[in-house]
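J.: Mind looking over this structure? Questions follow.
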Amino acid sequence: MIVSGIASGSTIGRFVTATLAICLLVLGTALPAAAELRIDITRGVTEPMPIAITDFQGEGQSVDVGRDIARVVAADLERSGLFRPLDRQAFIQTAASAQQQPRFADWRVIGAQALVSGSAVLQPDGRLKVEFRLWDVFAEEQMTGLAYYTVPANWRRVAHIVADAIYKRITGEDGYFDTRVVYIAESGPQNRRKKQLAIMDQDGANHRFLTDGNVLVLTPRFSPTLQEITYLAYFNNKPRVYLLNIDTGQQEVLGDFPGMTFAPRFSPDGNAVIMSMARNGNSDIYAMDLRTRKVQRLTNDPAIDTSPSYAPDSRQVVFNSDRGGSQQLYVMDGDGGNVRRISFGEGRYATPVWSPRGDLIAFTKMNRGRFYIGVMRPDGSGERLLTESFLDEGPTWAPNGRVLMFFRQTPTDSRGQGGVVRLYSIDLTGQNLREVVTPIDASDPAWSPLIP
């Protein structure tokens with residue numbers, strides 16, 4: 001792969017899966033810090049930033065590709081809740097003219113604070129060149145400009161990468177659009193539920209099933225470092241923990257475990273899996289080194305200990321346990337020592353997940369017949385409930401630690417039976433609840449890291 005710089009001389013390279021390369025070039029200069037257009041997402045933005053996103057200009061068969069890229073970028077930014085893409089019908093300057101040089105007065109009059117212009121052009125060697133520029137409309141200066149070379153079939157991934165670049169430049173936080181979600185796809189009657197592994201882009205595109213539904217599968221979890229998942233499946237009615245490489249399809253059995261096994265999850269470096277196992281009628285937490293297959297027992301208590309999740313530095317583990325008489329959250333050192341309770345609110349707590357930033361722990365809360373998704377600090381302080389419904393459960397973090405996904409069941413009768421099960425996302429302000437559309441019922445999502 002050859003990458004050359006434009007204007008600034010800076011070069012960056014990124015690769016897509018299956019060895020399809022994206023070459024990235026830096027265009028122009030960034031906006032000076034003194035005139036910076038910025039969203040402070042730590043303060044809980046309630047009014048999204050108006051942003052104009054023109055169709056990316058193309059020639060011949062790339063015209064449609066350029067239009068589609070612009071729409072994916074706009075949809076990504078709109079779903080974040082931080083941006084409000086303006087109606088293209090209101091644009092005064094044409095997209096082709098804006099690509100050459102914006103007339104900033106035309107964009108100010110329709111209320112745009114930022115402008116995105118770009119192009120998507122097929123090259124003589126068959127590659128697709130996608131270029132975009134982000135402009136501060138009031139300062140009348142370019143904030144960033146990037147160009148990518150890739151195969152035409154990879155246009156959607158480039159659109160997500162462009163959206164990530166815009167998100168990061170304006171918020172100062174890493175984006176999360178170039179990611180995937182694995183989840184449990186559910187179908188059939190309640191007493192004979194068929195459960196399959198399924199995967200899709202974070203916006204629901206490129207959906208496919210990973211298993212055929214002949215074997216019950218549960219609790220898929222992404223590696224924080226690889227496009228690899230661990231999950232639980234019942235083979236001949238016995239629980240097995242598997243590793244599956246999403247890109248190659250290679251599957252590996254970690255082991256057959258006696259009794260019940262629950263919620264396997266990777267360590268932050270991807271070298272271990274932590275899980276709950278029931279031995280002799282007692283559920284405790286164990287960790288397996290994936291390199292040596294050595295299993296270490298971390299808890300030894302007559303209570304039920306389950307749903308473990310490592311802190312980003314692996315020095316601590318959060319889990320839920322009823323050792324205090326009700327289901328609560330506990331934190332212990334990575335070797336199992338120094339166990340302390342952190343949840344003290346009304347109700348029961350479950351499915352804790354440590355944020356990739358390390359600053360928060362997400363959880364499911366059950367109180368007076370209602371379910372909530374909430375967050376608290378690792379010491380248990382600052383508890384905030386973000387959602388409430390008949391059944392909200394199973395939070396998973398976006399890789400930037402600013403958005404959560406979970407599943408929600410809606411009852412269909414007065415007894416609370418049946419009902420559809422769907423995926424939703426919510427940001428840390430609790431203000432941006434969105435359904436993540438799936439073909440059939442969906443539960444237990446797990447968010448991938450950014451695709452390398």
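The values are calculated or read from the model by the stated rules, or taken from the named source; none is laboratory data. What you see is a predicted model; the values in this text were computed from it and never measured. Heads up, the Cβs are rebuilt from the backbone with ideal geometry, glycines too, and the neighbour counts pull from every protein chain shown. Just the protein is used for accessible areas: all its heavy atoms, side chains included, with ligands, DNA and RNA removed. Shrake-Rupley method; radii C 1.70, N 1.55, O 1.52, S 1.80 Å.
J.: Would you check which residues across the range 122-169 are closer than 20 Å to residue 48 by Cβ, open to solvent by less than 40 Å² (accessible area, probe 1.4 Å) and of a type outside the set (A, V, I, L, M, F, W, C) and list them?
T.: Across the range 122-169, the qualifying residues are 136, 144, 160, 164, 167.
J.: Then there's this: Within the range 79-103, work out how many residues are touching a strand residue (DSSP E or B) at 6+ places or on another chain (Cβ under 8 Å) and either β-branched (Val, Ile, Thr) or within 26 Å of residue 172 (Cα to Cα) (or both).
T.: Counting residues in the range 79-103 that are touching a strand residue (DSSP E or B) at 6+ places or on another chain (Cβ under 8 Å) and either β-branched (Val, Ile, Thr) or within 26 Å of residue 172 (Cα to Cα) (or both) gives 11.
J.: Exactly one of (1) under 28 Å from residue 225 (Cα atoms); (2) of a type outside the set (Val, Ile, Thr); (3) loosely packed, with under 15 Cβ neighbours inside 10 Å is unmet by residue 350. Its number?
T.: Result: residue 350 passes all but (3).
J.: Is there a residue being open to solvent by less than 60 Å² (accessible area, probe 1.4 Å), out of contact with any Ser or Thr (no Cβ under 8 Å at 6 or more places or on another chain) and not polar (S, T, N, Q) anywhere in the range 296-304?
T.: So far as the range 296-304 goes, yes, one or more of its residues are open to solvent by less than 60 Å² (accessible area, probe 1.4 Å), out of contact with any Ser or Thr (no Cβ under 8 Å at 6 or more places or on another chain) and not polar (S, T, N, Q).
J.: Of the residues that make up the range 306-316, is at least one surrounded by fewer than 17 Cβ atoms within 10 Å (Cβ to Cβ), within 26 Å of the chain's Cα centre (by Cα) and small (Gly, Ala, Ser)?
T.: Taking every residue of the range 306-316 in turn, at least one turns out to be surrounded by fewer than 17 Cβ atoms within 10 Å (Cβ to Cβ), within 26 Å of the chain's Cα centre (by Cα) and small (Gly, Ala, Ser).
J.: Output the number of residues of the range 202-221 satisfying the condition of being open to solvent by 20 Å² or more (accessible area, probe 1.4 Å), assigned to a strand (DSSP E or B) and closer than 14 Å to residue 447 by Cα.
T.: Going through the range 202-221 one residue at a time, the tally reaches 2.
J.: Report, ordered by the first and then the second residue, all pairs with beta carbons closer than 6 Å, sequence separation of six or more or different chains, a first member in the range 349-367 that is over 19 Å from residue 314 (Cα atoms), and a second member that is assigned to a strand (DSSP E or B) and of a type in the set (Phe, Trp, Tyr).
T.: As it stands, the answer is 349/363; 365/349; 365/372, since those pairs meet every condition given.
J.: Answer yes or no: is there a residue in the range 150-161 that is of a type outside the set (Phe, Trp, Tyr) and more than 21 Å from residue 247 (Cβ to Cβ).
T.: No, the conditions are met nowhere in the range 150-161.
J.: Follow-up. Can you go through 419, 374 and tell me which one is in contact with a strand residue (DSSP E or B) (Cβ under 7 Å, 6 or more places away or on another chain), open to solvent by less than 20 Å² (accessible area, probe 1.4 Å) and at pLDDT below 95? Break it down into steps so the answer makes sense when it comes.
T.: On the way: 374 fails: at pLDDT below 95.
Residue meeting the stated conditions: 419.
J.: Condition first: surrounded by fewer than 22 Cβ atoms within 10 Å (Cβ to Cβ) and either of a type in the set (A, V, I, L, M) or outside any loop (DSSP other than H, G, I, E, B) (or both). Now tell me which residues in the range 170-179 satisfy that.
T.: We begin by selecting, within the range 170-179, every residue surrounded by fewer than 22 Cβ atoms within 10 Å (Cβ to Cβ); these are 171-174, 179.
171 - this is the single residue of the range 170-179 that is surrounded by fewer than 22 Cβ atoms within 10 Å (Cβ to Cβ) and either of a type in the set (A, V, I, L, M) or outside any loop (DSSP other than H, G, I, E, B) (or both).
J.: Among the candidates 358, 336, 325, which residue alone is in a loop (DSSP other than H, G, I, E, B) and either farther than 26 Å from residue 297 by Cβ or open to solvent by 30 Å² or more (accessible area, probe 1.4 Å) (or both)? First the steps, then the outcome.
T.: Values: 358 fails: either farther than 26 Å from residue 297 by Cβ or open to solvent by 30 Å² or more (accessible area, probe 1.4 Å) (or both); 336 fails: either farther than 26 Å from residue 297 by Cβ or open to solvent by 30 Å² or more (accessible area, probe 1.4 Å) (or both).
After applying the criteria, what remains is 325.
J.: Just the residues that are of a type in the set (Ser, Thr, Tyr) and under 18 Å from the mean Cα position of the chain (by Cα), please, taken from the range 218-255. Step through it out loud before you land on a result.
T.: Within the range 218-255, the first condition is being of a type in the set (Ser, Thr, Tyr), and the residues that meet it are 219, 223, 225, 230-231, 234, 242, 248.
Hits for the range 218-255 are 219, 223, 225, 230, 231.
J.: Counting only residues that are open to solvent by less than 50 Å² (accessible area, probe 1.4 Å) and among the polar types (S, T, N, Q), which one in the range 181-201 is farthest from residue 247 (Cα to Cα)?
T.: 187
J.: Continuing with this model, one more query. Output the qualifying pairs, or none if there are none: Cβ atoms under 8 angstrom, residues six or more apart or on different chains, first residue in the range 77-106 and open to solvent by 70 Å² or more (accessible area, probe 1.4 Å), second residue hydrophobic (A, V, I, L, M, F, W, C).
T.: 84/49; 84/51; 92/107; 92/109; 92/110; 103/92
J.: What pairs come out if I take residues in the range 131-160 that are at pLDDT 95 or above and pair them with residues that are aromatic (Phe, Trp, Tyr) and open to solvent by 10 Å² or more (accessible area, probe 1.4 Å) whose C-beta lies under 8 Å away, six or more apart or interchain?
T.: Listed by first residue and then by second, the contacts come to 135/104; 137/104; 138/104; 140/104; 141/135; 142/135; 143/135.
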